[in-house]
Structures are given as C-alpha cells and as structure tokens.
Amino acid sequence: MNLNGKAWTVGDHIDTDVIIPARYLNTSDPNELATYCMIDYDKDFVTKIKAGDVMVAGANFGCGSSREHAPIAIKVAGISCVIAKTFARIFYRNAINIGLPILESAEASEKIKEGDELEIDLANGKIVNVTRKESYTATAFPPFMQELIAQGGLINYTKKKLGTAKA
Amino acid sequence: MGQTITEKILAAHAGKASVKPGDLIQAKLDIVLGNDITAPVAINEFNKLGVDKVFATDRIALIPDHFTPNKDIKSAEQVKVLREFAAKMGITHFYDVGEMGVEHALLPEMGIVGPGDLIIGADSHTCTYGALGAFSTGVGSTDMGIAMATGEAWFKVPESIKFVIKGKKKKWVSGKDLILYIIGQIGVDGARYQAMEFTGPAIKDFSIDERFTIANMAIEAGAKNGIFGVDDVTLEYVKGRTIRPYQIYESDADATYARTIEIDLADVDMQVAFPHLPENTKSISEAKGLKIDQVVIGSCTNGRIEDLRIAAHIMKGKKVAKGVRCIIIPATQQIYKQAMNEGLFNIFIDANAAVSTPTCGPCLGGHMGILAKGERSLATTNRNFVGRMGSTESEVYLASPAVAAASAITGTISSPEDVI
C-alpha cells in the first residue's frame, strides 16, 4: 500500500495523555475520540490535518497509558501513518493490533521537517521525502507482525485461527 | 545457558523448556484484566470474534475503578457495559462499587494473582504484580478482548536489566524514592521493551507494599515488566491468600542480562519528580520550598495501608496548611476499613484532609481532585504528564507518601524532617 501526505512533526516522549486526555475517555466511540486527537498538544490539530497526512515523531512515541484510544484517535482523525525514532512498547503493539500503520526510522525522524510531502511504500518500509528529494528505510517488521499487518490486525488474524472468520 | 525469572515464566507458559530474548511466543495466560476505560473497547473487540463464551470465567478480572463511583452519565454507561458483560458471561472477578478497589491493589490483596503467574491487563500499571515474582504486563484493549476468548497472547521475550540494590535505606526513604531515583537515572525510555529485575542484598528491607510501588512504576521507564524474586517477605504475603496454587521461579546465577546497574542506597535521598516527566527527579533538598495547592495520597502506586500509616504518622496532631487541599484515597475497601480501624481517619480528618472511597480518580484527571489553570499538586501517583491531573496549565510533582504528608502540612514541598 502506498500513502501520500504532508508531515506533521512532534517531539520526543509524546505520551498517550497528550494524544487523548483521560477526560475524554468516558466514551469508546472512535469518531468522538478522533475529535480530541492531540488536543493537549495543539488544540487545532484535527482541523489542521488532511486525511492521509503523516505524523513524524521523535523517541518513545506513545509512552504512558495502555489506552488503545490513542492509536484509534490518530487513525480515525485521518493520519495515515506514524513515523517515529522509537515507539513505546504498548503503543507499538496496539497500533499493529488495530491496523494503524507505523514505521520506525531514526533517519526519517531526524530529517523530515514539518510540511514536507511524503510518499510511503508501507510493504517495503520505504519513505520518500518529495520536498527534500531524500529517501529513508524503516526497520522491517518481524514475519509474525507482517502477517498480522497483512491480515488487517489481530482480530482478523485470530478469527482465521479460531475458524470463526466468514469465508 | 541460564535463564532469568522473566524468561522462565514465559517459557513455562509457552510450553517450552527455555526461551531467549527476541523469541516470539504464544503463551497461556493465568489472568486477563480490564477496567472501566479499557474493557468496553475490549468487549467490543471480543464480540467481533464470533465466540459466545470466555475462555475461563474465573480467569478474567473486570474492575471498574477509574471513573467510579460513576463521575458522569457517559462513565455510568461504560461501567454498565462491564456489569452486563460480566453477568452474561458469568465472570467471577467483577467487583462493583462497594467491593471495588484500585485494580492493582485489589488483585494481589484478593489473592487473584500470585508468584509465577502470567498476567496481562489492559492497563499500563499491570506490571505491579511483578512484586510477587509474577510476569505481568500492560496491553491494549484488542489484546485483552482476544485473550478473554482464547486465554492466550503473543509476546516478544524481553531482555532483562538487573538492578542490584545494596546498602541501607536512609531515614524516610521508601520504595517510591528508589523507583523515582532509578527512573531519574535511566530515563523514561531507559528500559523500553525490557524487563527490570530488582535484586540485591537490600531487597529484603523493602516491604511487599514498597515492592508493589517499585514494580508498578517499571512502565514509567518504558519497561515491559518489573519483577522481584520470591523471598520470605513475598511468602508471608501470599500464604493463605492466593486462590490458586502458585509456582516459584528464580533467575539462574548464569542468566544473561542486557546490563547490570548497581545502586547503593547511601546515594538515594527522598525524591520529587518535577513536571512533566517522571524522569525529572530531584532530591528533596533541591525540591523544597515550592508552594503547592493540592496533595493527593493514593493510587495503584501508593494507596496501600503502609502508605496511609506513614502519612498519618507525619500528620498526627497537625493541620493541613490553609490554601491546600489534601485528598487521601485508600486503594481498596479492605485498606479503607483497616485504616479506619487503626484510627488513621481520625488523624486525617482532624488535620482537615478529605478521605475518599477507593478510585483512580485524580491520578489520571478523572474526578475527585482536578486542578485548575496554574495550580500545582504534589501526588503519590505515577505520572506527571501535561494535563494529567486537570488543566494543561497545571503541574504535578511525584513523591512518596511521607513527602506528600509533610508538604500538606507546610503548604510547600517539604521533608518529613521539617514537620516532625
């Protein structure tokens, strides 16, 4: 799958309380959660971004709480992919489980500037920075995770395994 | 080649003789946990699977503790989802208001978790149970939903960092100070994806309540789990308490570690973590004097009986400073009753502190003590991120119950030495 979008850069240690503050967690409606995405970082974030845009972060993105509401809010708000230098463990797992594309690349994280136009080849982990005429390669996923991603997340993967998936 | 306690527990639950860091395994779970924020999403995912029952009715814990007693209509609807699912599935460990406590204090107290267990919870502080020599880690709602159906989850076996704790604790220094000190040293991603194993000759001097506090905050260094070996302190706690047989695992002498970090307690003073990351630690002498508006003593980190005892010891016969709200939240009903019977509530109430029913409440900015713009809270909780306890322009400082109690009395960040 190829993605195209504009980069929105954020710093190191962006925590899940900033991505979706707990005061909005009295709902589990994805569309409602998306309206609060990154509200404590930039209250206008969801109105500034266009569907398909890419979030580019520093180290330890998604640290803190295990709330899956965080990758859900990012995905439903329209962000097509999160690129980070590193991801916090639970966020990484949750993003793969729910099918939010994520890529780990220190080089991309350092070199991409806000507003850069990006083209991403997810299957091969290739990131092309159209604005700067550069390209970066993300860390490859282990085969098991590639399979999870290919099947659209952990629910579909498990349904197939349990034999409850409709043919 | 030797294995760590973390590797042994994961291997045993994956039906393997041994595992090594980096291995991807499918493992059987002893307990699957969720709360009023994460379980509704998990139940929704569970319902997508096309199965009609959970893998075991007595291996799932649903604890509505975050926004309870229900803070608003939407929260009430969320808890109702848990209540109805628990009834429909016949889940044993669903505890509503009145029986409910903060999940990570409640599960060990009720003996639902014990040594050698493999536990996942849709809450990042699930790592708390490592205090008992269990492997426990936080996951998201999808993992929880699937685990409720299958009783299994996938894991990447983590590398371990060995912390060797030696020397003697200084006066007033507690498990909270040690873990804040460690996070200050290694940073909020210093143990990312790794196990933090706490060992050394001084571990015996840390009570089970202190060990819960230490394991609880392993996630604040990015760790997958925090874990202790089982010793007499552990056994005394679990004896007659665990409702299932437990299994003791210990690290081999020749186990492999990513790194070993030695900590001499002579170097560890009382700590305060400044906004807005738990790694921004300072020793009490550097932190003293900052004016505060609120003190919170409670949470899955420090709402246990020892925490309340030390706070009462410091606050006895004194008054909370004018202009400071002091909110004390025993973590479970049992702790609440014990504190009441020991006379701690008389001390708190005479000091003009407010005592609350168990809830996570203010720790995550839910309710029961939200901060206004420009306000500053000193709390025994675990996170001081931007907006964690209320306004994005408020501040949270993390410390031990002793520092929190002393600060409530003076109205500024203080050492217990300043008031006793």
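The values are calculated or read from the model by the stated rules, or taken from the named source; none is laboratory data. Bear in mind the structure is a predicted one, so any value in this text is a computation, not a measurement. For neighbour counting, all protein chains shown are included, and Cβ atoms are generated from backbone atoms with ideal geometry for every residue, glycine included. Heads up: the accessible areas ignore ligands, DNA and RNA and are worked out on the full protein's heavy atoms, side chains in. Shrake-Rupley method; radii C 1.70, N 1.55, O 1.52, S 1.80 Å.
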Over chain A: helical MRE at 222 nm, DSSP H runs n ≥ 4 each giving -39500 (n - 2.57), nearest 500 | -8000 deg cm²/dmol
Please identify the GluC sites (Glu not before Pro) of the range B:350-411 that satisfy two criteria: DSSP loop assignment and at most 16 other Cβ atoms within 10 Å. Which are they?
-> B:393
At 10 °C and 1.306 mPa s, grab the translational diffusion coefficient of chain B from Stokes-Einstein with a Kirkwood Rh over Cα pairs, rounded to a whole number in µm² per second.
-> 74 µm²/s
CD proxy, 222 nm, chain B: helix-only mean residue ellipticity via -39,500 (n - 2.57) per DSSP H run with n ≥ 4, per residue, nearest 500, stands at -8500 deg cm²/dmol
10 Å binning of all Cα-Cα separations within the range A:1-143, expressed as whole percents from 0 upward | 13, 48, 33, 6, 0
Per the Kirkwood formula on distinct C-alpha pairs, the Rh of the range B:244-342 is how many angstrom?
-> 17.5 Å
Taking the Cβ of residue A:81 as the centre, find all other residues whose Cβ is under 13 Å away and add up their charges (Lys, Arg: +1; Asp, Glu: -1).
-> -1
Go from 0 up to the bin containing the longest alpha carbon distance in the range B:66-219, width 5 Å each, and give me the % of pairs per bin.
-> 2, 8, 15, 20, 18, 14, 10, 8, 4, 1, 0
tail above 17 Å in the computed P(r) of the range B:93-174, as % of all Cα-Cα pairs, reads 59 percent
Work out the FRET efficiency for residue B:84 and residue B:419 from their Cβ-Cβ distance, taking R0 = 56 Å, and round it to the nearest 0.05.
-> 0.70
Other protein chain Cβ atoms within 10 Å, averaged over every residue that makes up A:86-92 = 6
How large is ³J(HN,Hα), in whole Hz, for each residue of the range A:111-124 in order, when computed from phi with the Karplus curve 6.51 cos²θ - 1.76 cosθ + 1.60 and θ = phi - 60°, using x for Gly and Pro?
-> 8, 6, 10, 4, x, 4, 8, 10, 10, 10, 9, 4, 4, 9
Could you estimate the translational diffusion coefficient of the range A:13-93 from the Stokes-Einstein equation, with Rh from the Kirkwood formula over C-alpha pairs, at 25 °C and 0.890 mPa s, in whole µm²/s?
-> 199 µm²/s
Helix by helix, which DSSP H runs in chain A go 30 Å or more along their axis at the Cα atoms and have an average Kyte-Doolittle hydropathy of 0.5 or more?
-> none
Interface area, A with B, accessible, probe 1.4 Å, both sides summed, Å² nearest 100 | 3800 Å²
In whole Å, largest first, what are the principal axis extents of the Cα atoms in the range B:323-370?
-> 30, 27, 9
Expected integer from the mean partner chain Cβ neighbour count at 10 Å over B:34-42 is 4
Distance in nm between pseudo-label sites at residue B:48 and residue A:35 (7 Å out along the Cβ direction from Cα) = 2.3 nm
Here the FRET efficiency for residue B:338 versus residue A:140, based on Cβ atoms and R0 = 45 Å and rounded to 0.05, is 0.25
If you bin every alpha carbon distance in the range B:305-384 into 10 Å steps from zero, what whole percent lands in each bin?
-> 17, 51, 30, 2
Keeping all protein chains in place, calculate the accessible area per residue for the range B:1-157 (probe 1.4 angstrom), answer in Å².
-> 29 Å²
Any idea what log10 I(q)/I(0) is at q = 0.06, 0.10, 0.11 Å⁻¹ for the protein assembly as shown, Debye with uniform C-alpha scatterers and no solvent?
-> -0.28, -0.81, -0.99
Could you tell me what percent of the DSSP beta bridges with both partners in the protein assembly as shown are antiparallel, to the nearest 5?
-> 30 percent
B:325, A:89, reordered so the largest accessible area comes first (probe 1.4 Å) = B:325, A:89
